[in-house]
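To start, the structure under review is shown below, and the notes come after it.
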Amino acid sequence: MRSLARYGHLFSQRFNSRIRAAVTTAVVGTVAIALLSSIAFGYARAQILHEEFGKLNAIAAEVLHRSERSSDQVRDAIGELQRQDAPPCSPQNLALMEQLDLKYGQLHGVGYVADNRLMCSSYGRHGGGILLPTPTYQHTLGGPGGLALLRKVNLSLSGEIGSEPVVVVTSAANGYSAIVSPTLPIDVYTKDPNVSLGTVLYGTSEVRMSRGTYNPAWRTRLGDQSHVEYLEHDRIVSLWRSSRYDYFAFAAIPADEATARIHQAGALIFSCAAFAMALLTFLTVLLGRKQVPLSECIREGLRRSEFYLVYQPVVDLKTGRWVGAEALLRWRRATGEHVRPDAFIPVAEESNLIGKLTDHVFELAIKDLAGFFKRYPDFHIAINVSSSEMQSAEIVSRLNGFVARAPGANQRNFVIEATERSLIEPETARGIFQKLRESGLAVAIDDFGTGFSSLCYLQSLSVDYLKIDKSFVDAIDTASVKNFVVEHIIGMAKDLQLRLIAEGVENEEQAGFLRDRGVEYAQGWHFAKAMPFDEFLASLNRQTA
Ligand code: C2E
Ligand code: CA
Ligand code: CA
């Protein structure tokens, strides 16, 4: 339970404010993209339906318009015949019928029906009359014609009518009739064979004329409104009710084309949204990473104990024995990435974090070295101190404070390594070096030979060791000018009675060269690389056993 809580704590620490900000940005952005794409999809869907309804409404309105015009002509023709006083099939009336047939273009003819027989028409007299089927439905004509009886019939009266069935609309009041085509109103121009259209009696819901299918539920949906349009599960429907006649027009098309277009728009919008979300996540991760400066990472690394020490032995060149070791800092980040000291030490120096890092090095060393000096009282551990820290005398008490807290250790077990850059202010440096040595700590000039400017102060400086920089050791088996400089440095150190430690010794030739010229100590991969404390201690124990 406790370890779970600890894990939770570590986890929450890991989600530092920047990461939280990045995550918040990503989440808010994702929600916004999802919301916007939903709105865009809703708009696209409405737009597609609006277009489809527009087309369909125009068709249904055209059907209604043609039906009404046809009904108007039926009503007017019957009205004109009724106003005539002559007997229905008199020559005078037959002449009028012919005229009316010409006058009303929507009509195939006009005539007179008695006892279910068409007695005469604009085509002439029909002898004893043509027997008609009983009327199938009726509706009000409007005007003096009153109720109209309608029946569908095949009449072969002329080439105009042909063999197509016609509708005979008869006034129940006077028998005058109009002959109309049942398909004329629905012969609306439409390229689409899937369009269903027609007219339906409003009162009885009977279909007057239709092409394609009619769903009786549409009448219910229309209610007492003059127009409705809607999306049925598989069809788009538009209904228009006549304001003058007892019927309404309908038009319907399958919804698949509209649904396909809606799906297409949806796929496009949502894939764009998915891409935008992926891009947003990528960018926030990228920015989130980029935004965190290394100095902040160092701070966090300190909080999360991501640093540890490795130890590189310092070897006595005569005996080959390990006489000391340099503590070198390592940083393994939570991500598993190793950051080189060459990369983070300069950043720590620039951002005033180097003091915290040095403190941490001492804490880590004290922890590692608990009990160590009881067994190895003459061993020394070298600690690197940054040149910026060497500019104030406060470093002396700070370092001594640490040594005091190291159990079983005393000042002579520690060497403070400072580079030549520490000598920028020679007077200050001289004082500090002096005080460090007086307190019992040993002092080494690190990377010696790389900062020539202060060489001349060496004489007046109080130090214990010079660490010959690796670049000079590298030059030993070459004929370069640096080779000559090594001999010069060695000679000078002897004159000043300073002990020398050669850095970065990688082979026996270099070791032999240095040994032959009286260099006492060396460090380098030829002897040992820097290693974790456990490994270092085990090797040392084996060596002394
Ligand atoms: P440095 O103090 O001169 O440390 C010696 C560097 O040379 C170390 O690199 C070490 O691993 C490497 N080295 C040792 N022997 C050989 C060898 O035979 N061949 C080669 N090629 N390299 C060898 P590292 O640990 O990467 O440290 C680099 C620098 O980072 C150090 O140079 C030092 O300036 C700085 N540094 C490391 N740890 C600390 C620290 O705790 N505090 C401070 N202030 N600086 C540190
Ligand atoms: Ca060093
Ligand atoms: Ca060095």
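Filtered by the rule that a residue be in contact with a Phe, Trp or Tyr (Cβ under 7 Å, 6 or more places away or on another chain) and either within 16 Å of ligand 2 (Cβ to nearest atom) or assigned to a helix (DSSP H, G or I) (or both), region 398-409 gives Phe402, Val403. Scoring Asn410 on the criteria (1) exposed (fewer than 15 other Cβ atoms within 10 Å of the Cβ); (2) within 14 Å of ligand 1 (Cβ to nearest atom) leaves a single failure, condition (2).
Residue pairs whose Cβ atoms lie under 8 Å apart, sitting 6 or more positions apart in sequence or on different chains, and linking a residue in region 492-506 that is in the same structural domain as Ala325 (by TED's automatic domain parsing) and within 13 Å of ligand 3 (Cβ to nearest atom) to a partner that is assigned to a loop (DSSP other than H, G, I, E, B) and polar (S, T, N, Q), are Ile501/Gln523; Ala502/Gln523; Glu503/Gln523; Gly504/Gln523; Val505/Gln523. Taken over region 335-362, residues that are of a type in the set (A, V, I, L, M), surrounded by 15 or more Cβ atoms within 10 Å (Cβ to Cβ), in a helix (DSSP H, G or I) and touching a helix residue (DSSP H, G or I) at 6+ places or on another chain (Cβ under 8 Å) amount to 5.
Let's see how each residue does on (1) open to solvent by less than 60 Å² (accessible area, probe 1.4 Å); (2) touching a residue at least 60 places away in the same chain (Cβ under 8 Å); (3) not in a loop (DSSP other than H, G, I, E, B):
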site	(1), (2), (3)
Leu364	yes, no, yes
Ala370	no, no, no
Ile381	yes, yes, yes
Ser386	yes, no, no
Val396	yes, no, yes
Glu417	yes, yes, yes
Glu427	no, no, yes
Gln434	no, no, yes
Gly440	yes, no, no
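Could you say which residue among Asn154, Asn116 is under 28 Å from Ala249 (Cβ atoms) and either surrounded by fewer than 21 Cβ atoms within 10 Å (Cβ to Cβ) or not assigned by TED's automatic domain parsing to the domain that holds Ser196 (or both)?
On the way: Asn116 fails: under 28 Å from Ala249 (Cβ atoms).
Checking each option against the conditions leaves just Asn154.
Cβ-Cβ contacts under 8 Å between residues 6 or more apart (or on different chains), taken from a first residue in region 249-270 that is of a type in the set (Phe, Trp, Tyr) to a second residue that is part of a helix (DSSP H, G or I) and surrounded by 14 or more Cβ atoms within 10 Å (Cβ to Cβ), are listed as Phe250/Ala60; Phe250/Val63; Phe250/Trp218; Phe270/Ser37; Phe270/Phe41.
Can you say whether Ala95 is open to solvent by 30 Å² or more (accessible area, probe 1.4 Å), in a helix (DSSP H, G or I), closer than 21 Å to Ile186 by Cα and out of contact with any Phe, Trp or Tyr (no Cβ under 9 Å at 6 or more places or on another chain), as far as the supplied structure shows? Steps first, answer last, please.
Working: open to solvent by 30 Å² or more (accessible area, probe 1.4 Å): yes; in a helix (DSSP H, G or I): yes; closer than 21 Å to Ile186 by Cα: no; out of contact with any Phe, Trp or Tyr (no Cβ under 9 Å at 6 or more places or on another chain): yes.
No.
The values are calculated or read from the model by the stated rules, or taken from the named source; none is laboratory data. Just so it is clear, the model here is predicted, and its values are computed rather than measured. A quick note on method: Cβ atoms are made from the backbone with ideal geometry, for glycine too, and the neighbour counts reach across all protein chains shown. We work out accessible area using only protein heavy atoms, side chains counted, and drop any ligands, DNA or RNA first. Shrake-Rupley method; radii C 1.70, N 1.55, O 1.52, S 1.80 Å.
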